[in-house]
Amino acid sequence: MSSSTQLLTSILDANETYAEAFARSDPALLQKLAKGQSPRIFWLGCSDSRVSAELATGVAPGSIFVHRNIAQCFHPGDLSASAALAYAVHVLKVEAIIVCGHTGCGGVRAGMQAAVESKQREDKGEKVEPPKPGSVEDTIAKWIAPIKSLASTQLPSCSSDPLEALELAHLTDSHVRDTVKAVADSDLVRAAWDEGRDLSVHGWVYHVGTAKLRDLDCGWKGVGVRADSLSRPSTYAESEPRE
Ligand SMILES: [Zn+2]
């Protein structure tokens, strides 16, 4: 048996255990979920395998409608993210939207590195050849382009080691804030506010080393109206190394 077959067999075994335990502990919830869903939260998070919306928040199935992509982006014209947001806000009528980044994000780091490499080549007067259309490099470069642009604005004008001067944690927070703003400024969210709906958009960061969530206090609950702050005292600086 190949190792992937063994892996998948163990996952199906685990599912049987999970299903039996679920049916035993909360049969009413299983029946309710079989009839439909009524989540109150929409979660836009990273695809990273370490950051699960349900596990991080400890909620029951049916509580959060989730869309995940690399580095929780909300690009203009991204039909997948827009469709998920549209369905969550206007069909499921969620009350809160969480944009959740996380520490050690590979997508944000790639954007940071791309910004640094561009600047270093620029400083040397080197021309940068665009990657071959459709290649791995081209696909990733297009996806992280907004993060690269954001990182470029944070690069110091002169530094012997620009990568060292940038902080992944700082860029991660900035990217979450930008994404919160983009979601809040979207026609989909504004339409809900125009209808007088009670809907707020928040930015959180999940700390992989502590499994704790941190509110960035950058939320909105209407056009130009700040959402209530959810931030609380934290000890993240002591519990995680500087990124
Ligand atoms: Zn990530």
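When Gly222, Gly209, Gly203 are screened for being surrounded by fewer than 16 Cβ atoms within 10 Å (Cβ to Cβ) and among the small types (Gly, Ala, Ser), only Gly209 passes. In region 31-49, which residues are within 15 Å of the ligand (Cβ to nearest atom) and exposed (fewer than 15 other Cβ atoms within 10 Å of the Cβ)? Once the filter is applied, which keeps residues that are within 15 Å of the ligand (Cβ to nearest atom) and exposed (fewer than 15 other Cβ atoms within 10 Å of the Cβ), region 31-49 yields Ser47, Ser49. Taking only pairs six or more apart or across chains, which ones have beta-carbon atoms under 9 Å, a first residue in region 90-114 that is polar (S, T, N, Q), and a second residue that is within 12 Å of the ligand (Cβ to nearest atom)? Within 9 Å, the pairs are Thr103/Leu168; Thr103/Thr172; Thr103/Val205; Thr103/Tyr206; Thr103/Val208.
Meeting the requirement of 2 or more residues that are aromatic (Phe, Trp, Tyr), the helices (runs of 4 or more DSSP H) wholly within region 2-57 are 3-25.
The set of residues from region 58-79 being more than 9 Å from the ligand (Cβ to nearest atom) and part of a loop (DSSP other than H, G, I, E, B) comprises Gly58, Val59, Ala60, Pro61, Gly62, Ser63, Cys73, Phe74, His75, Pro76, Gly77, Asp78. What number of residues within region 140-157 satisfy the criterion of being within 15 Å of Asn69 (Cβ to Cβ) and hydroxyl-bearing (Ser, Thr, Tyr)? Of the residues in region 140-157, 0 are within 15 Å of Asn69 (Cβ to Cβ) and hydroxyl-bearing (Ser, Thr, Tyr). Selection within region 80-95: residues that are among the small types (Gly, Ala, Ser), crowded, with 19+ Cβ neighbours inside 10 Å and farther than 15 Å from Trp143 by Cβ. The member of this set that is nearest to the ligand (Cβ to nearest atom) is Ala84. Taking region 94-151 as the range and being part of a loop (DSSP other than H, G, I, E, B) and within 24 Å of the chain's Cα centre (by Cα) as the test, the residues that pass are Val94, Glu95, Thr103, Gly104, Cys105.
Bear in mind that the values in this text are calculations on the coordinates, not laboratory data. This is a predicted model, so every value here is computed, not measured. In this analysis, Cβ positions are derived from the backbone assuming ideal geometry, glycine residues included, and neighbour counts consider all displayed protein chains.
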